[in-house]
Amino acid sequence: MDPRTTVAPYYHAWQHRAGDMTQVPLAADFTFSGPVASFTDSAGFRAMARQAGAAVRDFRVRHQFADGDLVCSIIDWQMDPLPGTLTAAELLRVRDGQIVSGELIYDAEDLRRAMAQPPALTTLLERSHTLVANVISQISPQDWASSSPCAKWTVRQTANHLAGGLLLLARFAEDDQVDPAEIDAQRQADTDHLGTDPAAAFAAIAGRSLAAFTAPRTLEREHAFLGAAVPGTVLASISLLESLVHGWDIATGAHLPYPADDDVVQAVWQFATTSPVVAQNRDRQFAEPLPVLPTAPLNVRLLAHLGRPAQP
């Protein structure tokens, strides 16, 4: 029998049965190796295939070759939550009418990242605040007066605005009473939150921010904010957005590098492009989006979405 006939139900299961391998002739001691998972028996592989198959949006065998009992297939598939198409080579070995082994070969870095548990929101907030604190500690006296990408604000004003904004958001999370007049962006920029030791002052504010959002049930509970009630996760996400973007403003104005954390950028991009809170307050918080190539790095697309002309 042509070994390609034996493996046909295997690919039919991926294409039409959402990974259900019940009708596929896998040997009991079937072994499988791949960049994401490996198996030493058919039971484990069948369980995995049922789970993974539910996420497969499209599956095609582009080319297939047979050499003795070995079948090599070049396959393209699409799988949630990844955009685009994955391409792989797969080797299946057939013996006595059964598939006895399989090997899948492809670059699985994007898939591994997507499958990984994302870092906690408070972990991302700590990472971002730490980066901004490090930038602030390096600003020279003359660069504090330099212009920042925030219209009409110096680096010092932008840092004060960020520090004041983080304090306000922490107070909202603490269910403190906030005077609506305090929310004015220019007022925060013109208020000296940083004093004579900006690095220490910002570190203290960052500490209060983290303490507010790591307090028990703060993220799950709703809090009064701008005339509405929002979950603590929204307040923390706004803090993360402010920290990341204004941190970039500060670093850019002070001519310092800003190696933003990829996980932070991803989380802020998701929030900035989907949250109704951002959309409703866009006019007073951000400039109009700027054109950017869809192939630009995500941090560049994020900054352009928020009206900042970052370069790849």
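The values are calculated or read from the model by the stated rules, or taken from the named source; none is laboratory data. As the structure is a computational prediction, the values presented were derived from the model and not from experiment. Reconstructed Cβ throughout: ideal geometry from the backbone, glycine too, with neighbour counts over all protein chains shown.
A few notes on this one:
- Subset tally (residues that are hydrophobic (A, V, I, L, M, F, W, C) and under 29 Å from the mean Cα position of the chain (by Cα)) for region 11-44: 4
- Given (1) modelled with pLDDT under 95; (2) within 20 Å of the chain's Cα centre (by Cα); (3) of a type in the set (A, V, I, L, M), number of the condition Ala229 does not satisfy: (2)
- The listed residues are Glu103, Glu90, Glu126, and the only one of them that is charged (D, E, K, R) and closer than 25 Å to Thr214 by Cα turns out to be Glu126.
- Residues that are in contact with a helix residue (DSSP H, G or I) (Cβ under 8 Å, 6 or more places away or on another chain), modelled with pLDDT of 95 or more and closer than 19 Å to Gly34 by Cβ do occur in region 76-92.
- Residue match in region 75-91 (condition: more than 26 Å from Gln266 (Cβ to Cβ), touching a Lys or Arg at 6+ places or on another chain (Cβ under 9 Å) and either surrounded by 16 or more Cβ atoms within 10 Å (Cβ to Cβ) or not assigned by TED's automatic domain parsing to the domain that holds Gln266 (or both)): yes
- Screening the candidates Ala145, Ala163, Ala203 for the property of being in contact with a strand residue (DSSP E or B) (Cβ under 7 Å, 6 or more places away or on another chain) and either buried (at least 20 other Cβ atoms within 10 Å of the Cβ) or modelled with pLDDT of 95 or more (or both) yields one hit, Ala145.
- Residue within region 108-124 that is more than 26 Å from the chain's Cα centre (by Cα) and exposed (fewer than 13 other Cβ atoms within 10 Å of the Cβ) present: no
- Qualifying position, being of a type in the set (A, V, I, L, M) and out of contact with any helix residue (DSSP H, G or I) (no Cβ under 8 Å at 6 or more places or on another chain), among Ala8, Ala28: Ala8
- Any hit, region 25-40, residues being surrounded by 15 or more Cβ atoms within 10 Å (Cβ to Cβ) and among the aliphatic types (A, V, I, L, M): yes
- Here Ser128, Ser101 are screened, and the one residue that is over 25 Å from the mean Cα position of the chain (by Cα) and polar (S, T, N, Q) is Ser101.
- Of all the numbered requirements in (1) of a type outside the set (Lys, Arg); (2) assigned to a loop (DSSP other than H, G, I, E, B); (3) modelled with pLDDT of 90 or more, Leu302 misses one, and that requirement is (2).
- Pick from region 239-279, criterion among the polar types (S, T, N, Q) and touching a helix residue (DSSP H, G or I) at 6+ places or on another chain (Cβ under 6 Å), ranking: farthest from Arg308 (Cα to Cα): Ser239
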